[in-house]
Amino acid sequence: MFQEFKVIKTRCETALSRSGLPGLDYALNPYVGCSHACIYCYARLYTRNRDVGGNWGRIILVKENIVDVLRREVVKYQRGVVGIGTVTDAYQPVEAVYKLTRRSLEVLLRHGFHASIQTKNPLVLRDMDLLVTHRDLVDVGFTITTLDYRASIQIEPHAPPPNARLKALEKLVEEKIASWIFYGPIIPGINSDPDTVRSMVEIAKKLNIVLYYDVLHVKSFMNTPTHPLYNYIEKTRRERWRIMELIETECKRQKVTCRTGFSEM
């Protein structure tokens, strides 16, 4: 579905920031805001720009000088694992125009940094040449919250459809790129049913990859009657552990490695 949004060019002082996420040393986000406009996205709370946070999905800041800043930093910083798109999707539609993610990847990989990418967008396949050439320095995870297009539209109104994400993930595995699937956030009553759980685990089984999962973390912006997730808050709090047990049981049954995606944020 087409999404209208405003693009504003801005400049940044730093490209790499220290990351507190498991397995990551640094984070790199070429854009602020995300046109996928997922209704659950926590990133709006960690965005300093109030206009972007308050108009989530409708304003995108493009850090036009981030590649130049990154070139200076990679020769000073110790090599490590860089999470690409830890706050907003680095392969959202504006990347097709500005190519900041691709150009940043070129710099990172050339200097021996490991790039860990998480996305919802098959646009990542555009950069398959880089990924294949540097297989030992990249991994890519696809967020797939549901295989039901109608449910996806409900919670991720402008993100690529689930089947497109799945096909892109299959292509990455086919090309022997280290890959994983992120099933989350899991929202009771939308994408927590046993059939969805079983299907997600089956994907990981078929592709022989790790399944990360995460139940919705209730945030302040959801706690208003006008928010689409308001009526799911109490159910989420009640059913969190039951859902986690269901997933762990299904992973054991199918002999799939599964891990929780985040600690309580």
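Along its principal axes, what span do the Cα atoms of the stretch 135-265 show, with the longest given first and each in whole Å?
Here the Cα extents, ordered largest to smallest, are 46, 32, 27 Å.
For the chain, give the percent of accessible area contributed by carbon and sulfur heavy atoms, probe 1.4 Å, rounded to a whole number.
Working: 6320 of 12810 Å².
Roughly 49 percent, rounded to a whole number.
When the dipole is taken about the Cα centre of the chain, and only Lys, Arg (+1) and Asp, Glu (-1) are charged at their Cβ, what size is it in debye, to the nearest 20?
Working: 38 positive and 29 negative charges, 72 e Å.
The calculation lands at about 340 debye.
So what's the convex hull volume per residue for the Cα atoms of the stretch 51-186, in Å³? Can you show the working numbers first?
On the way: hull volume 15.7 nm³, N = 136.
Convex hull of Cα atoms, per residue: 116 Å³.
Which whole-number percent gives the relative contact order of the stretch 131-190, counting Cα pairs below 8 Å spaced six or more residues apart?
Here the relative contact order equals 50 percent.
What does the charge add up to near E239, with Lys and Arg as +1, Asp and Glu as -1, over the other residues with Cβ less than 13 Å from its Cβ?
On the way: positive: K235, R237, R238, R240, R242; negative: D193, E234, E245.
Taking every Cβ under 13 Å from that of E239, the sum is +2.
Based on the Kirkwood radius over alpha-carbon pairs, what is the Stokes-Einstein translational diffusion coefficient of the stretch 190-265 at 37 °C with 0.692 mPa s viscosity, in µm²/s?
Working: Rh = 13.5 Å.
Taking Rh from Cα pairs, D becomes 244 µm²/s.
For the chain, which cysteines have no disulfide-compatible partner, meaning no other cysteine Cβ under 4.7 Å?
Lone cysteines by the Cβ rule: C12, C34.
Choose one answer from T14, T86, T143: the residue with the largest mean-square fluctuation in a GNM of the chain with alpha-carbon springs under 10 Å.
T14
Counting pairs of alpha carbon atoms under 8 Å apart in space and at least six apart in sequence, what relative contact order in percent does the chain give? Intermediate values should be presented prior to the final figure.
Details: 483 pairs, mean separation 42.0, N = 265.
After rounding, I find 16 percent.
Treat each spin label as a single point 7 Å out from the Cα along the C-beta direction, and report the D148 to R242 distance in nm.
Going from the D148 label point to the R242 one covers 1.6 nm.
Once each part is reduced to its C-alpha centroid, what is the distance from the stretch 30-102 to the stretch 202-265 in angstrom?
25
Where does the charge balance sit around R103 when Lys and Arg score +1, Asp and Glu -1, over other residues with C-beta under 13 Å from its C-beta?
Details: positive: K63, R71, K99, R102, R110, R126; negative: E64, D68, E95, E106, D127.
After counting each charged neighbour, the total is +1.
Decide, for the stretch 1-95, between rounded, prolate and oblate: order the square roots of the alpha carbon gyration tensor eigenvalues as a ≥ b ≥ c, take rounded if a/c falls under 1.5, and otherwise choose prolate if a/b is larger than b/c, else oblate.
prolate
Taking a 25 Å limit on the Cα-Cα distance, which of the listed pairs K206/K252; K99/K219; K9/K99; K6/K99; K99/K171; K6/K76 fall beyond it?
Working: K206/K252 15 Å; K99/K219 32 Å; K9/K99 14 Å; K6/K99 17 Å; K99/K171 21 Å; K6/K76 35 Å.
Among K206/K252; K99/K219; K9/K99; K6/K99; K99/K171; K6/K76, the Cα-Cα distance tops 25 Å for K99/K219; K6/K76.
The values are calculated or read from the model by the stated rules, or taken from the named source; none is laboratory data. Computed from a prediction, not measured in an experiment: that's the story for all the values here. Don't worry about glycine lacking a Cβ; one is built from the backbone with ideal geometry, like all the others, and counts go over all protein chains shown. Protein only, heavy atoms only, side chains kept; ligands, DNA and RNA dropped before computing areas. Shrake-Rupley method; radii C 1.70, N 1.55, O 1.52, S 1.80 Å.
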